[in-house]
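Accompanying notes for the structure given below.
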Amino acid sequence: MYKLKVVDASKIFRRDGQEVVALQETTMQIPAGRFVSIIGPSGCGKSTLFNMIAGLIKPTTGKILLDGQNIVGKSGYVGYMLQKDLLLPWRTILDNVILGLEIRGVSKREARKRAQPLLERYGLKGFENNYPPELSGGMRQRAALLRTLLYDQDVILLDEPFGALDAQTRLQMQGWLLRIWEDFQKTILFITHDIDEAIYLSDDIYVLSHRPGKLKAKIHVELERPRREETLLSDNFISLKQTLLDLLREEPKDNGTT
Amino acid sequence: MAQPEKKRYIEDEKKRQQRMKRIVFGGQIGLGILVIVLWEVLTRFEVMDPYYWSSPSTIYETAKVAFLEGTLWDDLVYTSLATLAGFAAGTLFGSLIGLSFWWSAYYSRISEPYLIAFNAIPKLALGPVIVILFGIGFFSKVMLAFLMTVIVTALAAHSGIKAIDKDLEKLLYSLGAKRRHVFTKVVVPTTMPWIVSSLRINIALALAGTIVGEFISSRQGIGRMILYAGQILDIDLVWVGVVVLSLLSMLMYAGTVSLEKLLLRGQEPKQ
Ligand SMILES: Nc1ncnc2c1ncn2[C@@H]1O[C@H](COP(=O)(O)OP(=O)(O)O)[C@@H](O)[C@H]1O
Ligand SMILES: [Mg+2]
């Protein structure tokens, strides 16, 4: 039994009378508790795929099954962290994190009480009452991710959460994310275009082809957990990286779109 | 081993700003006093004709009499209340109209040109109609103050609606939100700085509306007092009215600024 199944899902937009294929028929089967990365050049439909799983847009064809139940066009069944951190600038960090709970009808007081220990434990202690613009990029990403986590769905979609961070912060955040994943046993789908990041974090990596996106390969990452920074230098890691580089290199180099 | 004290120069932006603030504030007060003193001196030596220009001391004496023996206090209360009621109703109703445009893009686009057209009407010219419709009492003044402010606010709120970040809406839906959640948690807070930015203009407009209403026909109010004083050629009393209105206007402006702070809590007003 798979946690999440994407069955022949595709998406076509019509723009200026022309059909734009954002994503070709894609099928994925993801067991519970996995960390799965999706890698591919920009514009290949990764965000589109997430928007469909999150129920924000409807696929042109195909189905999305969560625990066997069709969730096409239904939002709120999975946690989704969009490409930007999207913290509400008029709310403090604490009040941003509890947004999902509030929408569920949990009282503000109760929600704050539940969120507080989480903030402390996962590196936001002392920032509870700050406003988002006062925080660094990494801290804002933490807040956005904790908000998604606190919404408490089994499946969490993360769309390039660390894309805008510098290399050092990025490495820290990866370790942080793995800790959260181990603590909470969520099923995580993670978009990135950084090969190292994909290998370091994932159990499985789905590789999408250049636009219009099509599923090209699924790679299983045989690296023992917990992963450490030494993992990045192991032979296994290097050979996986070679495989992925080859897969992505077969693409036409650059046609200047995003 | 004591090091010899070195002269150190430390940039202190805050200190510099505080210094500037003090000087500016002092200058502002000084300028005000200078104008009043000049006014007094020039009229006393009849460089300016005291019949037309009155003088600060005469205005003060006349005001004292008008407060203690006349109806100036009641007039002031009347005008203030009419202005505040019109301002509050106009701002509230205008915000609601503006916010309501979020509910439907069709409704919003269909009504927008009418809103702009209505805004272009010189509302004060409608004064006589309002007085005929609503009588010469308190309510017609409130109505004029209301008309002066409602469309300005609606247009401001409408600009706010147009500036809403679509991705924030998307985020809320991804957290299982219904439209009403998006409304209270994103639409209202995003629009608030726009609404607030219209407050300062609105309070002055509301006051103008009330005064014009009192000019047209009224039994009370500072506007009526000024009109009456003009008719009996009591120019000192006209000046009292003008000064009292200016003070009232400043006070209301200050009140609006505190209201802004309260409503925004950390956000900046837009435009
Ligand atoms: N709402 C839309 N209307 C038209 N085309 C779209 C829309 N959303 C995405 N696309 C197109 O679909 C393709 C895939 O976009 P996206 O999923 O954002 O790619 P990625 O996240 O992999 O960079 C792009 O070519 C983009 O221009
Ligand atoms: Mg994307």
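The values are calculated or read from the model by the stated rules, or taken from the named source; none is laboratory data. Computed from a prediction, not measured in an experiment: that's the story for all the values here. With ideal geometry, Cβ positions are generated from the backbone for all residues, glycine too; neighbour counts draw on all protein chains shown. Note: areas computed on protein heavy atoms with side chains; ligands, DNA, RNA excluded. Shrake-Rupley method; radii C 1.70, N 1.55, O 1.52, S 1.80 Å.
Yes or no: residue A:203 within 14 Å of chain B (Cβ to nearest Cβ) and more than 16 Å from ligand 1 (Cβ to nearest atom)? Considered against the rule, which asks whether it is within 14 Å of chain B (Cβ to nearest Cβ) and more than 16 Å from ligand 1 (Cβ to nearest atom), residue A:203 comes out as no.
The lone criterion from (1) touching a Leu at 6+ places or on another chain (Cβ under 8 Å); (2) away from ligand 2 (no atom under 16 Å from the Cβ); (3) within 14 Å of chain B (Cβ to nearest Cβ); (4) not in a helix (DSSP H, G or I) left unmet by residue A:153 is number (1). State whether the residues of the stretch B:185-197 include one that is within 27 Å of the chain's Cα centre (by Cα), away from chain A (no Cβ under 14 Å) and on the phi < 0 side of the Ramachandran plot. Scanning the stretch B:185-197, I find at least one residue that is within 27 Å of the chain's Cα centre (by Cα), away from chain A (no Cβ under 14 Å) and on the phi < 0 side of the Ramachandran plot, so the answer is yes. Looking across A:198, A:143, one residue alone is within 16 Å of ligand 1 (Cβ to nearest atom) and aliphatic (A, V, I, L, M). It is A:198.
Every residue, every condition in (1) at pLDDT below 90; (2) open to solvent by 10 Å² or more (accessible area, probe 1.4 Å); (3) away from ligand 1 (no atom under 16 Å from the Cβ), yes or no:
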site	(1), (2), (3)
A:154	no, yes, yes
A:157	no, no, no
A:161	no, no, no
A:166	no, yes, yes
A:172	no, yes, yes
A:177	no, no, yes
A:183	no, yes, yes
A:186	no, yes, yes
A:190	no, no, no
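Among the residues making up the stretch B:81-121, those that are surrounded by fewer than 13 Cβ atoms within 10 Å (Cβ to Cβ) and closer than 14 Å to residue B:159 by Cα are B:105, B:109, B:113, B:116. In summary, residue A:35 fulfils each of the numbered conditions (1) in contact with a helix residue (DSSP H, G or I) (Cβ under 7 Å, 6 or more places away or on another chain); (2) within 16 Å of ligand 1 (Cβ to nearest atom) with the single exception of condition (2). Name the residues in the stretch A:15-45 that are within 11 Å of ligand 2 (Cβ to nearest atom) and either closer than 24 Å to residue A:184 by Cα or modelled with pLDDT of 95 or more (or both), would you? Within the stretch A:15-45, A:38 is the sole residue that qualifies.
One residue alone among A:163, A:79, A:62 is more than 14 Å from every other protein chain (Cβ to nearest Cβ), under 22 Å from the mean Cα position of the chain (by Cα) and under 20 Å from residue A:179 (Cα atoms), and that residue is A:163.
Of the strands (runs of 3 or more DSSP E) lying entirely inside the stretch A:163-258, those containing at least 3 residues that are within 16 Å of ligand 2 (Cβ to nearest atom) are A:187-192, A:204-208. Which of the residues belonging to the stretch B:135-150 are crowded, with 24+ Cβ neighbours inside 10 Å and of a type in the set (Val, Ile, Thr)? Of everything in the stretch B:135-150, those that are crowded, with 24+ Cβ neighbours inside 10 Å and of a type in the set (Val, Ile, Thr) turn out to be B:142, B:149, B:150. Please indicate, with yes or no, whether at least one residue in the stretch A:102-113 is assigned to a helix (DSSP H, G or I), surrounded by fewer than 20 Cβ atoms within 10 Å (Cβ to Cβ), away from chain B (no Cβ under 14 Å) and among the acidic types (Asp, Glu). Taking every residue of the stretch A:102-113 in turn, at least one turns out to be assigned to a helix (DSSP H, G or I), surrounded by fewer than 20 Cβ atoms within 10 Å (Cβ to Cβ), away from chain B (no Cβ under 14 Å) and among the acidic types (Asp, Glu).
Among the residues of the stretch B:163-183, the ones that are assigned to a helix (DSSP H, G or I), surrounded by 12 or more Cβ atoms within 10 Å (Cβ to Cβ) and more than 8 Å from chain A (Cβ to nearest Cβ) come to 4 in all.
Taken over the stretch B:1-43, residues that are surrounded by 10 or more Cβ atoms within 10 Å (Cβ to Cβ) and part of a loop (DSSP other than H, G, I, E, B) amount to 1.
Of the residues examined, residue B:212 is not one that is open to solvent by 50 Å² or more (accessible area, probe 1.4 Å) and assigned by TED's automatic domain parsing to the domain that holds residue B:135. Residues considered: B:205, B:263. Of these, the only one that is part of a helix (DSSP H, G or I), open to solvent by 40 Å² or more (accessible area, probe 1.4 Å), touching a helix residue (DSSP H, G or I) at 6+ places or on another chain (Cβ under 6 Å) and within 12 Å of chain A (Cβ to nearest Cβ) is B:263.
Given the structure, is residue B:152 assigned to a helix (DSSP H, G or I), within 16 Å of residue B:207 (Cα to Cα), assigned by TED's automatic domain parsing to the domain that holds residue B:211 and at pLDDT 95 or above? Considered against the rule, which asks whether it is assigned to a helix (DSSP H, G or I), within 16 Å of residue B:207 (Cα to Cα), assigned by TED's automatic domain parsing to the domain that holds residue B:211 and at pLDDT 95 or above, residue B:152 comes out as no. Of the residues making up the stretch A:7-23, none is surrounded by 16 or more Cβ atoms within 10 Å (Cβ to Cβ) and within 14 Å of chain B (Cβ to nearest Cβ).
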